[in-house]
1. Of all residues in the range 320-340 being in contact (Cβ under 8 Å) with a residue 24 or more places away in the chain and open to solvent by 60 Å² or more (accessible area, probe 1.4 Å), which is farthest from Met271 (Cα to Cα)?
2. Just one of (1) open to solvent by less than 50 Å² (accessible area, probe 1.4 Å); (2) over 31 Å from the mean Cα position of the chain (by Cα) trips up Thr89, so point out which.
3. Of all the residues that make up the range 58-86, how many are part of a strand (DSSP E or B) and touching an Asp or Glu at 6+ places or on another chain (Cβ under 6 Å)?
4. Scan the range 289-329 residue by residue and report those that are over 30 Å from Gly373 (Cα atoms) and not hydrophobic (A, V, I, L, M, F, W, C).
5. For the range 15-58, give me each residue that is under 30 Å from Pro290 (Cβ atoms) and buried (at least 18 other Cβ atoms within 10 Å of the Cβ).
6. At least 2 residues that are open to solvent by less than 20 Å² (accessible area, probe 1.4 Å) in each: list the strands (runs of 3 or more DSSP E) lying fully within the range 225-319 that qualify.
7. Suppose we keep only residues that are assigned to a strand (DSSP E or B) and under 27 Å from the mean Cα position of the chain (by Cα) within the range 92-105. Which one would you say is surrounded by the most Cβ atoms within 10 Å (Cβ to Cβ)?
8. Looking at the range 14-26, can you tell me whether even one residue there is among the β-branched types (Val, Ile, Thr), more than 20 Å from Leu141 (Cβ to Cβ), over 49 Å from the mean Cα position of the chain (by Cα) and assigned to a helix (DSSP H, G or I)?
Amino acid sequence: MSARLIGVLAAMVALLAAGLATGTRIYYLLFFILMLMVAYSLISVLWTLFTARISMKGVRPRVERGEKLMTILTLEHRSLLPAGNLRVTLNVPGAGGGRQEISVSMPPFSKRSFRNVVRCPHRGDYEVGVTGTSASDLFGLFELSRKSKSRLMRVEVYPRSHAVPAMELKASDVGPEFRSRATEDNASPSDVRKWQEGDELKKVHWKLTLRKRELMVRTFEESARPDTLIIPDLSEITALQDLKLTLEDLICEESLSAAKAQLEAGFPVRMPLQSARPQEIAGKSVADLPGFVEALMHVAFDSPYPYEQVLMLMLQRMQRTGGAVLATSRMTSRTADIAMRMQRSGIRVLLIWVTDAPRDEALEMLERLKMSGVQVRTVDPWQEDMPPAPRSKRGSAAPDPLFGV
C-alpha cells in the first residue's frame with residue numbers, strides 16, 4: 001500500500017466523518033469523487049496487468065563472457081482505461097542472479113517493440129527471460145505485480161580465451177637436480193648415427209663401432225611429447241561478490257588460454273580440477289579444446305584443499321610433465337617455493353598471479369621466482385575491458401525503442 005493511497009483513504013475517512021457530523025453535501029460529494037478515483041485506479045491497474053503480453057526474442061543459448069545480447073522486447077496490453085507505467089522485470093546474467101527492470105508508458109491497445117541489451121559479465125549457466133510484470137495507475141495509488149508464465153531461456157556463458165605464447169618444451173630437460181626425462185622408447189631402435197657430443201655411452205653400438213672404427217650410437221623412436229600440466233587454484237576466494245566472480249573468471253580464462261596455446265603447439269595438456277567434485281581434463285590436439293571450455297565454464301571454486309596441498313600432490317605425478325602452469329589469485333611463500341622446486345626438477349614453470357593489489361612482500365617473491373627461472377605473469381582484473389554490471393532489482397533502465405504500433 002503506497003503512502004499516496006493511505007493519504008487518499010485518510011482523506012475519505014475525514015470527509016465522511018465531516019459529512020456525517022455536519023450534514024453538508026459537499027463533504028459527501030468529495031468523498032464519492034475520491035472513491036471513484038480509487039476504484040478507477042484499481043480497475044485500470046488490474047485490467048492492464050492481466051491483459052499485458054510480453055515476449056523476448058534474440059536470446060542465444062551460448063555466448064562468450066563479455067558479449068552483449070541484443071534482444072527485442074515486445075509489449076502490448078488491451079486495457080480500455082489509461083494506466084500508468086508498465087514495469088517489466090528481467091532475469092539476466094550477473095552476480096547473485098542479476099535483475100533488470102524496464103519501465104514503459106503504454107497507451108491502450110498499443111503494441112511496441114524495444115531493443116534491450118543483456119550483458120554477460122561472468123561465466124556460468126543462467127536463465128534469461130521475463131520473470132514478472134508490474135502495472136501502476138495514473139494517480140500513483142496502486143502498483144500491482146504478476147509473475148510471468150513465459151518459459152525462461154537457458155544461456156551458457158563460457159570463458160573467453162586470448163592469444164598467449166606457448167611454452168616450448170624440449171624433448172629432454174635436465175635440471176640442477178639431474179632429473180632426466182625419458183623421451184625415447186628404448187625398446188624401439190630405429191637407426192644408427194655417428195657419435196655427437198652429449199650422447200650417452202649406453203647408446204653406443206659397439207659392434208658397429210669396431211667394424212667402422214668410429215663411435216656409432218643407436219637412435220630410437222621418440223615417444224610421446226612431454227605434456228603440460230595446468231593447475232588452476234580452485235579454493236574459495238574471499239572478496240566482494242563482483243570482484244570474486246571476476247577473479248574466478250580470469251583464473252579460468254588464463255588456464256584456458258594456456259591450454260589452447262599448448263594444444264596448438266602440439267603439446268598434450270592435462271588439467272586437474274581439484275574442486276569439491278574433482279575431475280581431470282586431458283587433450284592432445286585443438287579438437288579437444290571444447291572439453292576444457294565446458295569444464296571451466298561450470299567448475300566451482302570450492303576446493304576443500306589449500307592450493308599448496310594440491311601442488312604438492314601434483315608433484316608426485318610429474319614423470320612425463322614438461323611444463324606446468326599455475327594460476328592463482330593468492331601469492332604465498334609456500335606456493336613460490338613449490339614453483340621453484342618444480343623448476344629445479346627440470347619442469348618449465350609459468351606462474352600466473354591474478355591480483356588487483358600486489359603487496360611488497362609478494363613482489364619480492366616474484367623477483368625470486370624470476371631469478372630462479374620461473375616465468376611470471378600478473379593479471380589485473382580492473383584492466384580488462386568489461387561492460388558494467390547490470391543494475392539491481394530496485395534500479396530501472398530505459399529501453400531503446402525499435403518501433404511502435
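The values are calculated or read from the model by the stated rules, or taken from the named source; none is laboratory data. Only a predicted model underlies this, so the values are computations on that prediction, with no experimental measurement involved. Quick reminder, even Gly has a Cβ in these numbers, built from the backbone with ideal geometry, and neighbours come from all protein chains shown. With ligands, DNA and RNA removed, areas are computed over all heavy atoms of the protein, side chains included. Shrake-Rupley method; radii C 1.70, N 1.55, O 1.52, S 1.80 Å.
1. Step one: of the range 320-340, the residues in contact (Cβ under 8 Å) with a residue 24 or more places away in the chain are 320-336, 338-340.
From the residues that got through so far, the ones that are open to solvent by 60 Å² or more (accessible area, probe 1.4 Å) too are 320, 330, 333-334.
On the way: Arg320: 14, Arg330: 19, Ser333: 23, Arg334: 21 Å.
Only one residue fits best here, namely Ser333.
2. So Thr89 meets the others, but not (2).
3. Selection size over the range 58-86: 1.
4. Across the range 289-329, the qualifying residues are Pro290, Gly291, Glu294, His298, Asp302, Pro304.
5. Hit for the range 15-58 is Met56, nothing else.
6. Per the criteria, 227-232, 269-273.
7. That would be Val92.
8. Yes, the range 14-26 contains a residue that is among the β-branched types (Val, Ile, Thr), more than 20 Å from Leu141 (Cβ to Cβ), over 49 Å from the mean Cα position of the chain (by Cα) and assigned to a helix (DSSP H, G or I).
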